[in-house]
Amino acid sequence: MAVKIYFEDFVPGEKRTTTGRTITEADIVLHAGQTGDFYPHHMDAEWCKTQPFQQRIAHGTLVFSVAVGLSAGVINEVAMTYGYERLRFVAPVFINDTIRTTITIKEKKEHKKPGYGLVSELLEVHNQQGQLVMVCEHLLLVEKKEQHG
């Protein structure tokens, strides 16, 4: 679904939560193949039994990719990703965990590019027990209405 949500339309404090997505063994294997990250923490079930978590964990970059993908349910034609900041993997995600992303509009500020503003969204990712597993800020470069006057 495509919409036009201009800089002026974003409301700090506004929240939305995505649907869930279960992380599977296939996700981990595919991600390892795509990235070349075959560390035993993700791939070696027997070795993991000797480690503190006792089981394989999903790659942080896999969790990040899925979490961001979940947040992209609406296509905003007048905004683009400017970057991500303060990315933290707070707790592990295991095979068969289901994650959801809560997006909160954190702040809006002017941008040096005329006709644009910067919107910061806080992304908080929780597992099926409600435990925070990842957090980051998503920066959006968003057109202002004034240039469409």
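The values are calculated or read from the model by the stated rules, or taken from the named source; none is laboratory data. Here the structure is a predicted model, which means the values were calculated and not measured. Here Cβ is always computed from backbone atoms with ideal geometry, including for glycine, and neighbour counts include all displayed protein chains.
Remark: pairs (first residue in segment 80-103, among the charged types (D, E, K, R); second residue assigned to a loop (DSSP other than H, G, I, E, B) and exposed (fewer than 14 other Cβ atoms within 10 Å of the Cβ); Cβ separation under 9 Å; 6+ apart in sequence or on different chains) = Asp97/Gln128; Asp97/Gln129; Arg100/Thr19; Arg100/Gln128. Those helices (runs of 4 or more DSSP H) of segment 25-94 in which at least 2 residues are buried (at least 18 other Cβ atoms within 10 Å of the Cβ) and out of contact with any Cys (no Cβ under 8 Å at 6 or more places or on another chain), considering only elements entirely within it, cover 25-35, 60-71.
For segment 122-135, the set of residues classified as in contact (Cβ under 8 Å) with a residue 12 or more places away in the chain and surrounded by fewer than 19 Cβ atoms within 10 Å (Cβ to Cβ) consists of Leu122, Glu124, Gln128, Gln131, Leu132, Val135, listed by residue number. The number of residues in segment 76-99 being within 28 Å of Thr24 (Cβ to Cβ) and among the small types (Gly, Ala, Ser) comes to 1.
Regarding segment 91-99, can at least one residue be identified that is under 15 Å from the mean Cα position of the chain (by Cα) and closer than 22 Å to Glu143 by Cα? Checked against the condition, which is being under 15 Å from the mean Cα position of the chain (by Cα) and closer than 22 Å to Glu143 by Cα, segment 91-99 yields no hits at all. The residue of segment 1-27 that is modelled with the lowest pLDDT, among those that are hydrophobic (A, V, I, L, M, F, W, C) and touching a strand residue (DSSP E or B) at 6+ places or on another chain (Cβ under 7 Å), is Met1.
Scanning segment 105-121 for residues that are in contact (Cβ under 8 Å) with a residue 40 or more places away in the chain and of a type in the set (A, V, I, L, M) returns Ile105, Val119.
Any residue at all in segment 95-111 that's farther than 23 Å from Arg21 by Cα and assigned to a loop (DSSP other than H, G, I, E, B)? Yes; the residues of segment 95-111 include at least one that is farther than 23 Å from Arg21 by Cα and assigned to a loop (DSSP other than H, G, I, E, B). Among residues belonging to segment 1-24 that are loosely packed, with under 12 Cβ neighbours inside 10 Å and β-branched (Val, Ile, Thr), point out the one that is nearest to Val78 (Cα to Cα). Across segment 1-24, the extreme among qualifying residues is Val3.
If you go through segment 114-129 one residue at a time, do you hit one that is in a loop (DSSP other than H, G, I, E, B) and under 22 Å from Pro12 (Cβ atoms)? Yes, there is a match, as at least one residue in segment 114-129 is in a loop (DSSP other than H, G, I, E, B) and under 22 Å from Pro12 (Cβ atoms).
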